[in-house]
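Visitor: Could you have a look at this structure, given as structure tokens, before my questions?
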Ligand SMILES: CC(=O)CC(=O)SCCNC(=O)CCNC(=O)[C@H](O)C(C)(C)COP(=O)(O)OP(=O)(O)OC[C@H]1O[C@@H](n2cnc3c(N)ncnc32)[C@H](O)[C@@H]1OP(=O)(O)O
Ligand SMILES: NC(=O)C1=CN([C@@H]2O[C@H](COP(=O)(O)OP(=O)(O)OC[C@H]3O[C@@H](n4cnc5c(N)ncnc54)[C@H](OP(=O)(O)O)[C@@H]3O)[C@@H](O)[C@H]2O)C=CC1
């Protein structure tokens, strides 16, 4: 199936990045969020990223305008009616994702693929609320989307081979590398990454070292580009907590219990970079 029109649901840090790389690859993109201000915030991020590319000589002003012209605003899920693929990047919450997929199943054309950028939720459970589970798949981009090469492509229990192949081909068109993964909580990326981040938070909670020291050890000692606490802030502490809860519940092992300090920060609204404060404080 030839994909021409892509709808992205959620214009947050991931949705805006996905919309940008799709538009850069020549796809027509419908970028959806619930409120105008959320869409505008997402478009603003895309515009800034493209402006930086122009500044650095990687794009011309005309190319920047052409990418932006391929992105259309949407504030209603009804706009899925003529999309070939919908990539959902709303918040990491099963009820919200199932409600979106139920509606998409009613609205989207029969041939349309319903993909989710979930970090950890079972694809099979999301697919189960639709009448087309064979057309539901995980397309897990990494943050920041315009920079990171990987897309984990996750097959749900019922995902058809043809759908997998179409998504693998689209991933290549986006200039990314797809890696095939089966449907288990956290897939590969977050099953390995998040316990490390959670352990770093435990180290802080138990007073083993300061946040800066913990980050320095992993940056300078292990050559990680960001320390784990900086990375947690970058991902979003709400998303980190959701992923740990899904690992804990889905794999049933106490080694995945979320650190109480992580829960406390999320309860306080300290969500990391996106809210201005997490382990560190950020200027807007
Ligand atoms: C939670 C999940 O489900 C899965 C996940 O995504 S987990 C998170 C995975 N991501 C990571 O682990 C990221 C780790 N961090 C990094 O790789 C790097 O710190 C980084 C790429 C984010 C920034 O790199 P850096 O060298 O520290 O900073 P900087 O020099 O400013 O940026 C490097 C390049 O990335 C670009 N960049 C940085 N942040 C960006 C952003 N948010 N959006 C777009 N481009 C960005 C910069 O423009 C720069 O490009 P050029 O060098 O070509 O101009
Ligand atoms: N952060 C990361 O590093 C990564 C995250 N992911 C996954 O991507 C998804 C999005 O995460 P991220 O971009 O960080 O989160 P953000 O909080 O930045 O963005 C989510 C966006 O979706 C909007 N939204 C919520 N519900 C709906 C809905 N029903 N319809 C349309 N839009 C909606 C939110 O609006 P509002 O602000 O009102 O809630 C917000 O604008 C999650 O599933 C996450 O697990 C995957 C890879 C990496």
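Visitor: Checking the a/c ratio against 1.5 first, then a/b against b/c, what shape does the Cα gyration tensor give for region 1-67?
Guide: Numbers: a/c = 2.44, a/b = 1.22, b/c = 2.01.
Oblate.
Visitor: Using only the alpha-carbon atoms, how far is helix 189-205 inclined from the longest principal axis of the chain? Give it as 0 to 90 degrees, nearest 10.
Guide: 30
Visitor: Moving to a separate point now. Give me the Debye-computed log₁₀ of I(q)/I(0) at q = 0.21 Å⁻¹ for region 60-119, equal point scatterers on Cα only, no solvent, two decimals.
Guide: For region 60-119 at q = 0.21 Å⁻¹, log10 I(q)/I(0) is -0.86.
Visitor: Quick one: grab the alpha carbon gyration tensor of region 190-275, order the square roots of its eigenvalues as a ≥ b ≥ c, and give me rounded if a/c is under 1.5, else prolate or oblate depending on whether a/b is larger than b/c. Write down the numbers at each step before the final one.
Guide: Values: a/c = 1.56, a/b = 1.29, b/c = 1.21.
It comes out prolate by the Cα gyration axes.
Visitor: So what is Rg over Rh here for region 36-140, counting just Cα atoms and using Kirkwood for Rh? Write down the numbers at each step before the final one.
Guide: Details: Rg = 16.1 Å, Rh = 15.4 Å.
Ratio of gyration radius to Kirkwood radius for region 36-140: 1.05.
Visitor: Now, a different point. I need the calculated FRET efficiency for the pair residue 37 and residue 111, taking r as the beta carbon distance and R₀ as 35 Å, to the nearest 0.05. Walk me through the intermediate numbers first.
Guide: Working: r = 33 Å, r/R0 = 0.95.
Efficiency, from the Cβ-Cβ distance: 0.60.
Visitor: Please give the helix 36-55 orientation as an angle from the longest Cα principal axis of the chain, in degrees from 0 to 90, rounded to the nearest 10.
Guide: It is inclined by approximately 90 degrees.
Visitor: Give me the angle, in degrees from 0 to 90, between the Cα long axis of helix 13-24 and the longest principal axis of the Cα atoms of the chain, rounded to the nearest 10.
Guide: Taking Cα atoms only, the helix is inclined about 40 degrees.
Visitor: Right, next: In Å, what Kirkwood hydrodynamic radius results for region 5-182 from the alpha-carbon pair distances? Write down the numbers at each step before the final one.
Guide: Details: mean 1/r = 0.0625 Å⁻¹.
Roughly 16.0 Å, rounded to one decimal.
Visitor: Okay, next question. Using the 10 angstrom Cβ neighbour count as an exposure proxy, how do 8, 136, 147, 179 rank, fewest first?
Guide: Working: 8 31, 136 28, 147 10, 179 16.
So the ranking, lowest neighbour count to highest, is 147, 179, 136, 8.
Bear in mind that the values in this text are calculations on the coordinates, not laboratory data. Note that the structure is predicted; figures quoted are calculated from it, not measured. Cβ sites come from the backbone with ideal geometry, for glycine too, and all protein chains shown count toward neighbours.
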